[in-house]
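Could you have a look at this structure, given as structure tokens, before my questions?
The values are calculated or read from the model by the stated rules, or taken from the named source; none is laboratory data. Small disclaimer: the values here were computed from a predicted structure and weren't measured. What goes into the accessible areas is simple: the full protein's heavy atoms, side chains included, and nothing from ligands, DNA or RNA. Shrake-Rupley method; radii C 1.70, N 1.55, O 1.52, S 1.80 Å.
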Amino acid sequence: MSQHPDHDLLFLLHDVARMLRVEVDRRASAHGVTRAQWALLSRLARNPGLSQKEIADLLEVEPISVARLVDRLAASGLIERRADAADRRIWRLHLLPAAEPVLQELAVLKRALAAEIGAGVPDEVRDAMLAGLDQMKANLLNMPEVPSGTIKEVA
């Protein structure tokens, strides 16, 4: 029996992620930042001193894209580049005090969005979703490389 396409887990995950990106873009722009700027600021808040290359890897974008983001955020007085003590070719990124109120505003925005998209989802279902998604992420991180042109049969 064929499953309804809207109930295919991978397509549903993709659709929800895409819709969430669109909504975050919309809300972020109403607060004067882009989704990419929000992501960069959030990563730096959790991991001060990351290099531009490390941020690019975390955000899954090219280093030149991060350089442009950093230029804009630095011009806005939210972050600064500091030379790496061990390697002068590397710039370490740090938040400036002006970033704190922006991050607080974005945290409120994030909580509101999470509450809105999670409305009607019981706590136990949410907990099960988180556990399942954590396991799926772990599976993806530990996935062996499959030679190109090979389709692996799943039992």
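In whole percent, how big is the carbon plus sulfur part of the accessible area of region 1-79, probe 1.4 Å, protein atoms only?
Taking all protein chains in place, region 1-79 shows 58 percent carbon and sulfur surface.
Would you mind checking which residues have amide H under 5 Å from residue 79's amide H? H placed 1.01 Å from N; only 5 or more apart, or other chain.
Here 74, 96 satisfy the definition.
Next up: What is the percent of Cα-Cα separations in the chain that go past 24 Å?
It works out to 50 percent of all Cα pairs.
Now a separate question. Calculate, axis by axis, the spread of Cα positions in region 7-58 along the three principal axes, and write the results as whole Å, longest axis first.
42, 26, 15
What is the mean projected area of the alpha carbon convex hull for region 83-155, to one decimal in square nanometres?
With every direction weighted equally, the projected area is 10.8 nm².
Still on this model: At 0.36 nm per residue, and after removing the present C-alpha to C-alpha distance, how many nm does the segment from residue 58 to residue 143 gain when stretched out fully?
28.7 nm
Which angle between 0 and 90 degrees, to the nearest 10, do you get for helix 35-46 versus the longest principal axis of the chain when only C-alpha atoms count?
80 degrees
Additional query: Does anyone have the angle between helix 99-117 and the longest principal axis of the chain? Alpha-carbon axes, 0 to 90°, nearest 10?
Helix 99-117 and the main axis of the chain meet at about 10 degrees.
Just to confirm, what accessible area per residue do you get for region 25-155 at 1.4 Å probe, in whole Å²?
So region 25-155 comes to 72 Å² accessible per residue, rounded to a whole number.
Let me ask something else. So what is the calculated 222 nm ellipticity per residue for the chain, using -39500 (n - 2.57) for each DSSP H run with n of 4 or more, over all residues, to the nearest 500 deg cm²/dmol?
Using -39500 (n - 2.57) per qualifying helix, the result is -20000 deg cm²/dmol.
Starting from the Cα coordinates of region 69-108, work out the convex hull volume and express it per residue in Å³.
73 Å³
In addition: Mind listing the long-range amide H neighbours of residue 90? Cut-off is under 5 Å, sequence gap 5 or more, other chains count too, H placed in the peptide plane at 1.01 Å from N.
Under 5 Å from the amide H of residue 90: 84.
How big is D, in µm² s⁻¹, for region 1-89 by Stokes-Einstein at 10 °C and 1.306 mPa s if Rh is the Kirkwood radius over C-alpha pairs?
It comes out at roughly 104 µm²/s.
How do 7, 31 rank by accessible surface area computed with a 1.4 Å probe, from largest to smallest?
7, 31
Quick one: ranking 146, 102 by accessible area, 1.4 Å probe, largest first, what do you get?
146, 102
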